[in-house]
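Enquirer: I am attaching a structure below and will ask some questions about it afterwards.
Please treat every number below as a calculation from the coordinates, not as lab data. In this text the structure is predicted, and so the values were computed from the model without any measurement. In this analysis, Cβ positions are derived from the backbone assuming ideal geometry, glycine residues included, and neighbour counts consider all displayed protein chains.
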Amino acid sequence: MIHFLPDPDTICPAPEPVAEAVARFRSIQQALRLVEMTEGRPARAGGDDLTVEALWPFASEPVRRCFDQRSTRIANAAAAGIETLLECRSAGGEPNPVAIDLLAETIQAGLVDIERLFHGRA
């Protein structure tokens, strides 16, 4: 099963909250790049992690909890979508381009939602 959340068994002592937040944000960005490459688009450059990394220490506890909920939701959606695309390919089919577009848009909207959270707009 594909997932984009850190595996607790592979994490050595409890990571700093900011490191875990940045890792989760990066994994969602990576999922978006993977989906876009499936569409035939060139891989986009790594995103700007400074939003999460720089603003995490100043984020209130409700903002941090909201980040956890939103990032978990979008990571799970990305994992489920990518897994479905891979299953389609392994069955010898081609994923529907509209489904790939929708998955990319969903992941992108989730990233924008998270970024808005750190800028006090969501």
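Enquirer: Considering only the other residues whose Cβ falls under 14 Å of the Cβ of VAL98, what net charge follows from Lys and Arg at +1 and Asp and Glu at -1?
Expert: Neighbour charge sum, excluding VAL98 itself: -4.
Enquirer: Give, as a single signed number, the net charge of other residues whose beta carbon lies under 10 Å from the beta carbon of VAL35, with Lys and Arg counted +1 and Asp and Glu -1.
Expert: After counting each charged neighbour, the total is -2.
Enquirer: Taking the Cα centre of the stretch 17-122 as origin and charging only Cβ (+1 Lys, Arg; -1 Asp, Glu), how large is the dipole, in debye to the nearest 20?
Expert: 200
Enquirer: Using mean Cβ contacts within 10 Å as the protection proxy, how do 61-72, 85-96, 27-38 order, highest first?
Expert: 27-38, 61-72, 85-96
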